[in-house]
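Undergrad: So that we are looking at the same thing, I have put the structure below in structure tokens.
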């Protein structure tokens, strides 16, 4: 068993079960993680706290891919996983961050089981706007117990998500 998995299992008793695990990674763009991740989290965390969503410590993992958050989430027993990941840099957007959300994370999950908020950067989807959208998706996913293609990105539904507490 890799050392990081052993560490997760050693800390799990002190953390208990929580709603959300958050992973931050440079992925394919270290510039994206450097410029956008902290700002996005700074806007996101108060929204989650206000909704009484419990989180594990934020995990920072170099060179990760999307599925890692599902693997960590499954090992911890998290209800949801979120990874903030540096996206493949394009010619005009080398600092673009993506946010991938999965309900009931598992190594068996596919892209169809995830929701994505992409192009998080000052010239795209601002970190503060993205944080509101991510929070709304997380809360709606938690309430409906689903994510991915089964969770429609309906602005009206998402707008009401931040106006009510978790059940």
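The values are calculated or read from the model by the stated rules, or taken from the named source; none is laboratory data. This one's a predicted model, so the numbers in the text were calculated from it and none came from an experiment. All Cβ positions, even for glycine, are placed from backbone atoms using ideal geometry, and neighbour counts span all protein chains on display.
Okay, residues lined up against (1) modelled with pLDDT under 95; (2) surrounded by 18 or more Cβ atoms within 10 Å (Cβ to Cβ); (3) touching a helix residue (DSSP H, G or I) at 6+ places or on another chain (Cβ under 8 Å); (4) more than 26 Å from residue 35 (Cα to Cα):
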residue: 51; (1), (2), (3), (4): yes, yes, yes, yes
residue: 81; (1), (2), (3), (4): no, yes, yes, no
residue: 85; (1), (2), (3), (4): no, yes, yes, no
residue: 118; (1), (2), (3), (4): yes, no, no, no
residue: 154; (1), (2), (3), (4): yes, no, no, yes
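Undergrad: When residues of region 92-106 are filtered for being surrounded by 24 or more Cβ atoms within 10 Å (Cβ to Cβ), over 13 Å from residue 67 (Cβ atoms) and over 9 Å from the mean Cα position of the chain (by Cα), how many remain?
TA: Qualifying residue count for the region: 3.
Undergrad: Further, regarding this structure: Looking only at region 53-65, how many residues end up being surrounded by 18 or more Cβ atoms within 10 Å (Cβ to Cβ), without any contact (Cβ under 8 Å) to a residue 60 or more places away in the chain and closer than 13 Å to residue 21 by Cα?
TA: 3
Undergrad: How many residues are out of contact with any strand residue (DSSP E or B) (no Cβ under 9 Å at 6 or more places or on another chain) and assigned to a loop (DSSP other than H, G, I, E, B) if we restrict to region 11-41?
TA: 2
Undergrad: Would you mind stating whether residue 75 is farther than 18 Å from residue 140 by Cβ and assigned to a helix (DSSP H, G or I)?
TA: Values: farther than 18 Å from residue 140 by Cβ: yes; assigned to a helix (DSSP H, G or I): yes.
Here the answer is yes, as residue 75 does meet what is asked.
Undergrad: Right, here's the next one. Would you mind stating whether residue 123 is modelled with pLDDT under 95 and either touching a helix residue (DSSP H, G or I) at 6+ places or on another chain (Cβ under 6 Å) or surrounded by fewer than 18 Cβ atoms within 10 Å (Cβ to Cβ) (or both)? Give the steps one after another, and end with the answer.
TA: Numbers: modelled with pLDDT under 95: yes; either touching a helix residue (DSSP H, G or I) at 6+ places or on another chain (Cβ under 6 Å) or surrounded by fewer than 18 Cβ atoms within 10 Å (Cβ to Cβ) (or both): yes.
Criteria met by residue 123.
Undergrad: Considering each of 48, 44, 68, 7 in turn, give the residue that is under 13 Å from the mean Cα position of the chain (by Cα), free of Cβ contacts under 8 Å to residues at least 60 places away in the same chain and either in a helix (DSSP H, G or I) or within 14 Å of residue 131 (Cβ to Cβ) (or both). Steps first, answer last, please.
TA: Numbers: 48 fails: free of Cβ contacts under 8 Å to residues at least 60 places away in the same chain; 44 fails: free of Cβ contacts under 8 Å to residues at least 60 places away in the same chain; 7 fails: under 13 Å from the mean Cα position of the chain (by Cα).
The conditions single out 68.
Undergrad: Would you point out the residue of region 53-65, among those that are touching a helix residue (DSSP H, G or I) at 6+ places or on another chain (Cβ under 8 Å) and in a loop (DSSP other than H, G, I, E, B), that is farthest from residue 145 (Cα to Cα)? Even if it seems obvious, please write down each step before you answer.
TA: Of the residues in region 53-65, the ones touching a helix residue (DSSP H, G or I) at 6+ places or on another chain (Cβ under 8 Å) are 53, 55-59, 61.
Next, only the ones that are in a loop (DSSP other than H, G, I, E, B) stay: 53, 56-58, 61.
Numbers: 53: 14, 56: 19, 57: 22, 58: 22, 61: 27 Å.
The selected residue is 61.
Undergrad: A follow-up question, please. Would you mind finding the one in 136, 99 that is touching a helix residue (DSSP H, G or I) at 6+ places or on another chain (Cβ under 7 Å) and assigned to a strand (DSSP E or B)?
TA: Details: 136 fails: assigned to a strand (DSSP E or B).
Just one listed residue meets the conditions, 99.
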